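The values are calculated or read from the model by the stated rules, or taken from the named source; none is laboratory data. What you see is a predicted model, and the numbers here were worked out from it, not measured in a lab. All accessible areas refer to the heavy atoms of the entire protein, side chains included, with ligands and DNA or RNA removed. Shrake-Rupley method; radii C 1.70, N 1.55, O 1.52, S 1.80 Å.
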Amino acid sequence: MSGDTGTTSVAPSPGETEPGRGVRIVVEYCEPCGFEATYLELASAVKEQYPGIEIESRLGGTGAFEIEINGQLVFSKLENGGFPYEKDLIEAIRRASNGEPLEKITNSRPPCVIL
């Protein structure tokens, strides 16, 4: 079912501007790869820090975990081979919220640990 989308957003209180408001994140991930749990964990961490942010999910191709902020690709698992650290994504959102230029996230944590 490629192309399915889901959007999560919280309306701010009248007269109140929440951090992250106006920033739009799109996460495209491979559902058969089991990446939905990683998306949900990351989305939860972002929403905790930025309750007013808009996060959209899209089903992507094999191995995909791609993150765009305001239409700019900031992380690609296909390029980096792992998943982004929450702190790096939070920092990118902070920069976007402040109108600062975005840089691609190049740090990544391994997709799995072999014991």
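Of the accessible area of the range 24-98, with the probe set at 1.4 angstrom, what percent is carbon plus sulfur?
On the way: 1500 of 3340 Å².
Within the range 24-98, the accessible surface is 45 percent carbon and sulfur.
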>> Over the Cα atoms of the range 24-98, what radius of gyration and what Dmax do you get, in Å?
In response: 11.4, 36
>> Keeping every protein chain present and rolling a 1.4 Å probe, give me the accessible area per residue for the range 24-98 in Å².
In response: 44 Å²
> Relative contact order for the range 24-98 using alpha-carbon pairs under 8 Å, separation at least 6, rounded to a whole percent?
Replying inline: 36 percent
> In sequence order, what are the phi-derived ³J(HN,Hα) couplings for the range 20-32 according to the Karplus relation 6.51 cos²θ - 1.76 cosθ + 1.60 with θ = phi - 60°, rounded to whole Hz, with x for glycine and proline?
Replying inline: x, 4, x, 9, 10, 10, 10, 10, 9, 9, 8, 5, x
